[in-house]
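J.: Structure provided below as structure tokens; questions to follow.
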Amino acid sequence: MNKPILKSGPVVIGAADFFARSRARLGFDVPPGLYDPNVIPASGDPGTDKMLEIVAREQPVRPAAVLIAVVDRPEPTILLTQRSAHLNDHAGQIAFPGGKIDAIDASPLDAALREAEEEVGLSRDFVEPIGYLDLYGTAFGFRILPTVAKVRPGFEPAINHSEVDDAFEVPLSFLMNPVNHQVHSKEFRGMERFYYAMPFAERYIWGATAGMLRVLYERIYSS
């Protein structure tokens, strides 16, 4: 299957409207499911949710945080990375800056900011956090809490090639347009799972990254 999940038309994207909606709809309450193994966070796909239930019984909860960095340009963009090809988890895939929450992190927000600075050199001086998106579960056992943030233009990326191969920006208008939200499927552990994909030029944005972008669209524009 390779089609948009909604038949509705594209939304009109403006930076001021997006940030105003985000501030009104997001906050910094940490959901208990980030650390509680008895809470299974939803992914939006029943197959993936079932896999997460299985994985949660096999290994400890792995809380993670990512930064959905919306760059406040005349045409706003979202900052994404391409993970290094040698990594054990999700090698070569498109991702948000972020990673596991460490003991040194005061909060999921602190973890997301630390990882963004370590991976792509995004200084906290350029970042204005807005709030947490919904907790997102993956079939690999990660519980990801995304932080939506407004990023001031002018930062100079410094790529940490031990973690990422590249950093790039995609127009917010493309990512928040449901026409571009395709649904693909593949087999995983003997079950068919469905996932979002948002191909952009030569970049294949899919899986958890596309899923969180879909959640962002639903939270900001369709709820």
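J.: Given (1) 16.4, 47; (2) 17.2, 51; (3) 20.2, 65 as candidate values of Rg and Dmax of the Cα atoms in Å, which corresponds to the one derived from the coordinates?
T.: From the options (1) 16.4, 47; (2) 17.2, 51; (3) 20.2, 65, the structure gives (1).
J.: I would also like to ask the following. Over the chain, what relative contact order in percent results from Cα pairs under 8 Å that are six or more residues apart?
T.: Relative contact order for the chain comes out at 28 percent.
J.: Students often check this: by mean Cβ neighbours within 10 Å, which of 65-76, 152-163 ranks highest, and how do the rest follow? It would help to have the intermediate numbers written out before the result.
T.: Working: 65-76: 21.0, 152-163: 12.8.
Result, highest mean Cβ count within 10 Å first: 65-76, 152-163.
J.: Write down the percent of antiparallel bridges among all DSSP beta bridges whose residues are both part of region 57-195, to the nearest 5.
T.: Working: 26 of 36 bridges.
So the antiparallel bridges amount to about 70 percent of the total.
J.: Kindly provide the helix-only [θ] at 222 nm of the chain, computed as the sum of -39,500 (n - 2.57) over DSSP H runs of four or more divided by all residues, to the nearest 500 deg cm²/dmol?
T.: Per the formula, -7000 deg cm²/dmol.
J.: Scan around ARG62 for amide H atoms under 5 Å from its own, H built in the peptide plane at 1.01 Å from N, and keep only partners 5 or more places away or cross-chain.
T.: Under 5 Å from the amide H of ARG62 lie the amide H atoms of ARG143, each far enough along the sequence or on another chain.
J.: Where does each of ILE104, ILE144 land when they are ordered by accessible area, with a 1.4 Å probe and the largest first? Display every interim value, and only then the final one.
T.: Working: ILE104 135, ILE144 20 Å².
Sorted by accessible area, descending: ILE104, ILE144.
J.: Rank-order 135-143, 173-181, 201-209 by packing density, defined as the average count of other C-beta atoms within 10 Å over each peptide's residues, highest first.
T.: Order by mean packing, descending: 135-143, 173-181, 201-209.
The values are calculated or read from the model by the stated rules, or taken from the named source; none is laboratory data. Note that the structure is a prediction, hence the values are computed from the model and not measured. All Cβ positions, even for glycine, are placed from backbone atoms using ideal geometry, and neighbour counts span all protein chains on display. Each accessible area value is taken on the protein alone, full model and side chains, heavy atoms only, with ligands, DNA and RNA left out. Shrake-Rupley method; radii C 1.70, N 1.55, O 1.52, S 1.80 Å.
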